[in-house]
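Enquirer: Shown below is the structure under consideration.
The values are calculated or read from the model by the stated rules, or taken from the named source; none is laboratory data. As the structure is a computational prediction, the values presented were derived from the model and not from experiment. For neighbour counting, all protein chains shown are included, and Cβ atoms are generated from backbone atoms with ideal geometry for every residue, glycine included.
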Amino acid sequence: MPDIDYKCPSCGWSPKENELSYDNYEWAHCPNCLCGVHETDDEGCECGGVLEPISIWVNEKDEWFVIQKCRFCGEVCDSPVSDDDSPIKILSLAVKPLSKPPFPIEKMQKLTEMMGGSGNTEGYYDEQRK
């Protein structure tokens, strides 16, 4: 087993020996908090800021990625999800938009009734104009 000396610069996490899947131990981000270090920006300049996880996306090949934003320069980038990443952190990040919908959640019942179970939203936009 390789000797891994890793400490997250954001949360301070270090892996215990039994927490690693040794086929992939050079992480692009911390498996505990999903933060990373922003080495260089788009222009190739050194940054060194902390890449904070802001979302999850899944590409057309069903590969999951952590979307990160640099706290220092504001650049947004992605990092592939690894087997060592915290599944709780990944899922909580993935469902975060569902916990804060852009409309009152109470409106869901009325929308469901308006669709009549058929998926038709007829009338919804008329209601918005009133």
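Enquirer: For residue 19, which of the numbered conditions (1) in contact with a helix residue (DSSP H, G or I) (Cβ under 9 Å, 6 or more places away or on another chain); (2) modelled with pLDDT under 85 fails to hold?
Expert: Checking residue 19 against (1) in contact with a helix residue (DSSP H, G or I) (Cβ under 9 Å, 6 or more places away or on another chain); (2) modelled with pLDDT under 85, the one that fails is (1).
Enquirer: Can you find, within segment 96-120, the residue that is farthest from residue 28 (Cα to Cα) among those that are surrounded by 10 or more Cβ atoms within 10 Å (Cβ to Cβ) and under 15 Å from the mean Cα position of the chain (by Cα)?
Expert: Once the filter is applied, the top-ranked residue is 97.
Enquirer: All but one of (1) outside any strand (DSSP E or B); (2) under 30 Å from residue 6 (Cα atoms); (3) of a type in the set (Val, Ile, Thr) hold for residue 54, so report the exception by its number.
Expert: Here residue 54 meets the rest and fails (1).
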